[in-house]
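Any read-out appearing in this document is the output of simple, stated calculations on the displayed coordinates, not a laboratory observation. Because the structure is predicted, anything quoted here is derived from the model rather than measured. Cβ placement follows ideal geometry from the backbone for every residue including glycine, while neighbour counts extend to all protein chains displayed.
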Amino acid sequence: MPYFLDGNNLIGRARRTARPSEEDQAALISEVADRLRRTKARALLFFDGGGARNSSMGNLTIRPCPAGNADDAIVREIERTRAPQEIVVVTDDRELSRRSRDLGAKSLSCAEFWRRVGSSGVVAEEDREQPVDVEQWTRYFEEGKKE
């Protein structure tokens, strides 16, 4: 069962930032790749913007979305698959979860994903529920509309 990972959402949860840096992306990629190797699970990791490069690391494929956002790319990928019921979308974004379920995929919270794929220490401390800084996210999305 492949995971479709909302990368910016996972970073926001694990590293508590609405503006992930290339360092944040690299840390997340390394962490997810390490955990997937031990579980034999497969995943596609989608990032908003063009910071990351399209690449593959064993069971992990990275998909940057420079022309749009990761949510739309995840939905398009679900629409292309023959077996959407086998896909698990990992996000805390309610709208993306709803869109994914409407197409037949399953949805999983970021915290539950980290519990399922084990711990290697890098993000284990953030596995616990963390408060969301709504104001920071609001500013982030408002600034994106001005560009």
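A few notes on this one:
- Sites R37 and A83 - FRET efficiency at Förster radius 22 Å, r taken between beta-carbons, to 0.05: 0.35
- FRET efficiency for the R76 to E112 pair, using the beta carbon distance and R₀ = 25 Å, is estimated at 0.55.
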